[in-house]
Structures are given as structure tokens and as C-alpha cells.
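Some notes on the structure that comes next.
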């Protein structure tokens, strides 16, 4: 292994540590902020389990999904719906999908803007699938 490179087995751990650092610095983090982390971008879509058309974010890596899942499973973080799109507008990004104002089943893909927040919650489970 060369200096400055992270072994594949350690990528998820390094990403978890970077996300933890962001959570320590802020009460919530948008996906616009998360996608700036090295190793976060990929070809997965994060969505509500059982409802692939209710999308939290697109373009995340498998390591990012595993890191977010580990943080959620450990009670360190959870997803919370945004009360306003201003969070994403202020961070300079959004998905080009219709916005879901409520968490319900949709026939076509809709974006449910959420932030990653500190602590645990019993909200919906999430899954990742390949972007199409």
C-alpha cells in the first residue's frame, strides 16, 4: 500500500469517521455536504425500503450506504425530513425530481429531502439500489 491510499477494508471506517466529525460540528447534514466527502459519490440511490420511488438522494457509493447504515444501526444518526427546501438551496444542491411533500407511495420517482441528524429514531428503513 502506498502512502495516502486507504485500503478497501478501511474505506467505510474512514468515511464513518468523517461523517461523525461532521455530525459533531452540526446538528444536521444535508446530502450536498455529504457528497463532498471523499468516497461518498457513487451510483446508488438511497430510498425508503419498500418504496423505490421515494428517494432521499442519488449518486452515493456502496461505502457511503454502508457507513450511513452503520451509523443508523448504532443509534448515532438518523434521517429527518426537511421542513423546508432552504437547507438544500443554501447548501447549493437539489435533485431534479418532483418534491414529495409527504412520505407516501408514488408511481414515479419523487425526492423526499432529508438531513442526517445526530441520535436515533424509529423512522422508515432505507435501502440503496443502483441508479438507472
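Okay, here's what the table says:
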| item | result |
| --- | --- |
| 43, 91 arranged by Cβ crowding within 10 Å, fewest neighbours leading | 43, 91 |
| Approximate shape of the range 28-69 as ellipsoid semi-axes (Cα gyration tensor, √5λ), whole Å, largest first | 17, 11, 9 |
| 115, 102, 13 arranged by Cβ crowding within 10 Å, fewest neighbours leading | 102, 13, 115 |
| FRET efficiency, 1/(1 + (r/R0)^6) with R0 25 Å, evaluated for residue 97 and residue 27 via beta carbons | 0.45 |
| Rg and Dmax of the range 8-130, Cα atoms only, in Å | 13.4, 39 |
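Each reported figure results from applying straightforward, stated rules to the coordinates on display, with no laboratory input. This structure is a prediction, so every number in the text was calculated from the model and none was measured. For neighbour counting, all protein chains shown are included, and Cβ atoms are generated from backbone atoms with ideal geometry for every residue, glycine included.
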